[in-house]
Amino acid sequence: MRETFHIEVIGSDGEEVVTRISVRVGNLESAQERALRLFARARVPQRRDEPAHAVRVIDGAGREVFHRTRFEEGD
């Protein structure tokens with residue numbers, strides 16, 4: 001059964017949500033993979049001053065079920 005997850009990319013200040021998308025996938029692992037791909041794109045040097053700080057996945061009930069910061073990515 002497919003489930004809705006909300007993926008939020010957090011800005012450099014650690015508070016501001018710079019990107020928010022909703023995805024319908026079959027399981028949490030698929031949502032995590034999608035979140036990590038989105039996070040990688042958000043960290044590519046662009047016009048923004050600072051890269052994204054973190055990404056999180058929130059389930060349909062509003063609980064944070066996954067969180068990754070740029071420091072956990074090996075920076």
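All of the numbers you see were taken from the coordinates with simple rules; none came from a lab. Quantities reported herein were computed from a predicted structural model and do not represent experimental measurements.
Miscellaneous remarks
- For SER12, the residues 5 or more places off, or on other chains, whose built amide H falls under 5 Å of its own are HIS53.
- Angle between the chain longest axis and helix 28-42 axis [Cα atoms, degrees, rounded to 10]: 20
- Of all DSSP beta bridges in the range 3-73, antiparallel share, percent nearest 5: 100
- Entry for the chain at q = 0.12, 0.22 Å⁻¹: log10 I(q)/I(0) = -0.30, -0.92, Debye formula applied to identical alpha-carbon scatterers, no solvent contribution.
- Helical runs assigned H by DSSP (4 residues or longer) give the chain a calculated mean residue ellipticity at 222 nm of -6500 deg cm²/dmol, each run adding -39500 (n - 2.57) before division by the residue total.
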